[in-house]
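Presented below is the structure to which this report refers.
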Amino acid sequence: MDGYPPEKQAMSMAERKVAEAFVVAMRAELGDAPYGAPFDVQPARPEWLIVSRWGLSAEYLSLSRTGITAPTDGLAPGNLQPRETFFGVRVAGPALEPCFLLLRHLPPDMPVAGLFLPTDGFVRLSGPTGVLRLVAAGRQAHLRGRRNGVALCADVPCPPDGADGASAWSINAQRRPWVGEFVERSIGATAA
């Protein structure tokens, strides 16, 4: 338990655990950076995110940007909708702070809400779920297009000229109450 603040040390393992199935709103500080210099982050701006975790082994995570500015305090607005979505798969590590690898390609037959953004990066969650925190970083290079009238992004391995989606970014976020949230109560019920 070294490294945990005193208030977390007093909690049971179940109380510290991040829920394995949820859809929540998070207030994020999002900083952009050049693709080739992800360390050169511009001043962060606040935005509402929708974060979902699901799967038979709680292995999937979607992180959706809404494009809606988030004030410092208050509840998440009820009308949040995914606009652009990153998709991740859980990697081995501690259950108390699960980490997800962001992907450049969606698994077959895996729909996501909003426009999927191919990405290299990670998302780390820490709980308890009631005060869920998220840290994420990544970089993406994609070309925008349309197929059968539906917007899509195509991954490019190195940003060529014209890859308007080439950028790096970092996110720090915390859960906020939201009318649209769902948390699986049977998993870490005391933490949600």
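The values are calculated or read from the model by the stated rules, or taken from the named source; none is laboratory data. The shown structure was predicted, so the numbers you read here are calculated from the model rather than taken from an experiment. Note that each Cβ is placed from the backbone with ideal geometry, even for glycine, and that neighbours are counted across all protein chains shown.
Go through 163, 168, 141, 113 for me and flag whichever is under 14 Å from the mean Cα position of the chain (by Cα) and of a type in the set (Gly, Ala, Ser). Walk me through how you get there before you give the answer.
Values: 163 fails: under 14 Å from the mean Cα position of the chain (by Cα); 168 fails: under 14 Å from the mean Cα position of the chain (by Cα); 141 fails: under 14 Å from the mean Cα position of the chain (by Cα).
On inspection, the qualifying residue turns out to be 113.
Considering the stretch 142-180 alone, what residues qualify as being surrounded by fewer than 17 Cβ atoms within 10 Å (Cβ to Cβ), under 21 Å from residue 50 (Cβ atoms) and out of contact with any Asp or Glu (no Cβ under 8 Å at 6 or more places or on another chain)?
Residues satisfying the conditions are 150, 151, 152, 174, 177, 179, 180.
Of all residues in the stretch 41-74, which are hydrophobic (A, V, I, L, M, F, W, C), under 13 Å from residue 30 (Cα atoms) and either touching a helix residue (DSSP H, G or I) at 6+ places or on another chain (Cβ under 9 Å) or in a loop (DSSP other than H, G, I, E, B) (or both)?
Selection gives 41, 44, 68, 70.
Considering only the stretch 7-25, I want to know if a residue exists there that is over 15 Å from residue 132 (Cα atoms), modelled with pLDDT of 55 or more and loosely packed, with under 13 Cβ neighbours inside 10 Å.
no
I'd like the residue in the stretch 116-136 that is aliphatic (A, V, I, L, M) and surrounded by fewer than 16 Cβ atoms within 10 Å (Cβ to Cβ) and, out of all such residues, is farthest from the chain's Cα centre (by Cα).
131
Considering only the stretch 129-156, how many residues are assigned to a strand (DSSP E or B), farther than 19 Å from residue 30 by Cα and touching a residue at least 40 places away in the same chain (Cβ under 8 Å)?
1
Out of the stretch 61-94, which residues are hydroxyl-bearing (Ser, Thr, Tyr) and surrounded by 19 or more Cβ atoms within 10 Å (Cβ to Cβ)?
62, 64, 66, 85
Determine the pairs where a residue that is assigned to a loop (DSSP other than H, G, I, E, B), located within the stretch 101-128, has a partner that is among the aromatic types (Phe, Trp, Tyr) and crowded, with 18+ Cβ neighbours inside 10 Å with Cβ atoms under 6 Å apart, the partner being 6 or more residues away or on another chain.
103/87; 106/87; 106/116; 112/87; 117/86; 119/86
Suppose we keep only residues that are farther than 17 Å from residue 111 by Cβ and polar (S, T, N, Q) within the stretch 40-60. Which one would you say is surrounded by the most Cβ atoms within 10 Å (Cβ to Cβ)?
Residue satisfying both the conditions and the ranking: 42.
Go through the stretch 157-176 and give me each residue that's touching a residue at least 40 places away in the same chain (Cβ under 8 Å) and either touching a Cys at 6+ places or on another chain (Cβ under 9 Å) or assigned to a loop (DSSP other than H, G, I, E, B) (or both).
Selection gives 159, 165, 166.
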